[in-house]
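Working notes, beginning with the structure itself.
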Amino acid sequence: MLHPVATSALQRSIDIAQLAGLRLLILDAYRQQQAQWHLWDVCPDANYDVPPAQGSNHRRGVAIDLMLLDEDGRELDIGTAFDAMESQSHPFHLDVAQPAQRNRLMLNAIMLGGGFVGMPIEWWHFELPAATTYPLLPDHFSCVKRKNVS
Ligand SMILES: [Zn+2]
């Protein structure tokens, strides 16, 4: 479900990571509208998630969430858990220890080298530049209807 431009960029990032003996673990990529609604139900905070009616760049197939692994597949310390909705998840937060800062910088360099840009509040999220210019993809897994939550 990744857009072909993002697929090429991700391959470049994978190749760059291998130069340093590192690997990338994809944690989230294409996200159907229903999943976006579930996330919004849990965390209706526009600072950390796009309101579902607006359409997420994950739904455009141009955003990807990743973790950095060592050559043996072990997750590197990056300061917070994936999807931790807290200020320490901001890429250059002052309270994050130096080893995690270095790992975040490595992840940023790897993804930037591939052609992605990061965002100021989530160390794990990268997307193509001008991501909102890509069209929203149709929901391919919409057989389950969203329940109304009030
Ligand atoms: Zn993301």
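The values are calculated or read from the model by the stated rules, or taken from the named source; none is laboratory data. From a predicted model like this one, the values you see are computed outputs, not experimental measurements. Cβ coordinates were reconstructed from backbone atoms using ideal geometry, including for glycine residues, and neighbour counts include every protein chain displayed. In case anyone asks, the SASA skips ligands and DNA or RNA and just uses the protein heavy atoms, side chains included. Shrake-Rupley method; radii C 1.70, N 1.55, O 1.52, S 1.80 Å.
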(request) Name the long-range amide H neighbours of residue 3: under 5 Å, sequence gap of 5 or more, or other chain; modelled H, no Pro or chain starts. (result) 62
(request) Can you tell me the FRET efficiency between residue 97 and residue 42 if r is taken as the Cβ-Cβ distance and R0 is 25 Å, rounded to the nearest 0.05? (result) 0.35
(request) Find the accessible area per residue for the chain; the probe is 1.4 Å, ligands and nucleic acids are left out, and the unit is Å². (result) 55
(request) Working with all protein chains in place, sort 24, 68 by solvent-accessible area computed with a 1.4 Å probe, largest first. (result) 24, 68
(request) Return one number: the angle in degrees, 0 to 90 and rounded to the nearest 10, between the long axis of the Cα atoms of helix 98-114 and the longest principal axis of the Cα atoms of the chain. (result) 70
(request) On a 0 to 90° scale, report how tilted helix 33-42 is relative to the longest principal axis of the chain, with both axes built from alpha carbons and the result rounded to the nearest 10. (result) 80
(request) Determine how many Å³ per residue the convex hull of the Cα atoms of region 1-77 encloses. (result) 108
(message) With an 8 Å Cα cut-off and a minimum separation of 6 or more residues, compute the relative contact order for region 11-133 in percent.
(response) 30
(request) Scan around residue 28 for amide H atoms under 5 Å from its own, H built in the peptide plane at 1.01 Å from N, and keep only partners 5 or more places away or cross-chain. (result) 65
(request) Would you look at the GNM of the chain, springs on alpha carbons closer than 10 Å, and say which of 92, 116, 126 moves the most? (result) 92
(message) Please compute the modelled spin-label separation between residue 121 and residue 87, points set 7 Å along Cα→Cβ, answer in nm with one decimal.
(response) 1.4
(message) Per q in 0.13 Å⁻¹, report the Debye log10 I(q)/I(0) for region 4-131, using one uniform scatterer on each alpha carbon and no solvent.
(response) -0.51
(request) Could you work out how far helix 4-19 tilts from the main Cα principal axis of the chain, as a 0 to 90 degree angle to the nearest 10? (result) 20
